[in-house]
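The values are calculated or read from the model by the stated rules, or taken from the named source; none is laboratory data. Everything numeric in this text was worked out from a predicted model, so none of it was measured. We place every Cβ from the backbone using ideal geometry, glycine too, and count neighbours over all the protein chains shown. Just the protein is used for accessible areas: all its heavy atoms, side chains included, with ligands, DNA and RNA removed. Shrake-Rupley method; radii C 1.70, N 1.55, O 1.52, S 1.80 Å.
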Amino acid sequence: MNKHWLLVGALVLAGCQNMEAVSPWVDVGNQIAKNAGYDTDSRLARGIKDVLYTSTDRASNALSQSGAFHMPLPASVQPLAKSLRQYGLGSYVDQLELAMNRGAEQAAAEAAPVFKQAITGMSVNDALGIVRGSDTAATDYFRGHTESALRARYQPIVEANLRKTGFYDQYKSMLAVYNKLPIANKPSVDLERYVIDSSMSTLFGRIGQEEALIRKDPVARGSVLIGQVFGEG
């Protein structure tokens, strides 16, 4: 049996250049092992989870570093920012942009435990669905299972950083008045929402990049996954 596993493993390692190629061989290896009495679905799921833990940690850690974000003020606020700079008040604009970006970086650190919880609660079928799914299956899974929790964690962090500017209360008062104005199709000037939306878009984009790397070179990026299926026969 060990020699048979090694043969199947060698074929996979030699022939799989992307995730689409991996999936059929995973299914074949799974079935062979099941016929021999091995619970390979569970082992494969553990392997997939290991890869996802690593990938989400990498994305979260990278975006939590100082200087990771370079988020400008939203387009709707740019005319006001330009006017402030013309009148020598550019330091306020700089202060606000710095607060936005530091808040986004601090919030990114909060993503790791949320992703960990989502992965821990992932069923065997969920895990197998990711490896056999579309090119964005993992990213889509995390969006569906973590977005609301991430928003709840991000909001107080972003607010705390905006408060450091010293004019947060004035901004909120202005926003309340602005939102009540009977203007059709008025652009959003909600900075908190803008920072949270932009931060999460960047985070999921980074996870998507990690997923693309795994699917492009699953042997190098997902050796644990391969080992769970073929390494213990």
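Taking just the alpha carbons, could you work out the radius of gyration and Dmax for the stretch 59-195, both in angstroms?
Cα-based Rg and Dmax for the stretch 59-195 come out at 18.5, 60 Å.
Expected output is a single nm value to one decimal: the length gained when fully extending between A184 and Y87, i.e. 0.36 nm times separation in residues minus the C-alpha distance. What is it?
32.0 nm
In Å, what is the Rg of the alpha-carbon atoms in the stretch 92-138, and how long is Dmax?
Just the Cα atoms of the stretch 92-138 yield Rg and Dmax of 17.0, 51 Å.
Determine the share of the stretch 102-189's accessible area contributed by carbon and sulfur atoms, expressed in whole percent, with a 1.4 angstrom probe.
Heavy-atom surface of the stretch 102-189 belonging to carbon and sulfur, 1.4 Å probe: 55 percent.
Probe radius 1.4 Å, ligands and nucleic acids left out: which of T56, T202 has the largest accessible area, and how do the rest follow?
Output order, biggest surface exposure first: T202, T56.
What is the spin-label model distance, in nm, from Q209 to E147 if the labels are put 7 Å beyond Cα along the C-beta direction?
Spacing of the two 7 Å Cα→Cβ label points: 2.2 nm.
Could you calculate the contour length gain from R163 to Q95, that is, 0.36 nm times the residue separation minus the distance between their Cα atoms, to one decimal place in nm?
23.4 nm
Write down the accessible area per residue of the stretch 34-113 in Å², having rolled a 1.4 Å probe over the full set of protein chains.
Counting only protein heavy atoms, the per-residue value for the stretch 34-113 is 50 Å².
Round to the nearest 0.05 the FRET efficiency obtained for A109 and T136 when R0 = 25 Å and r is the Cβ-Cβ distance.
With a Förster radius of 25 Å, E is 0.55.
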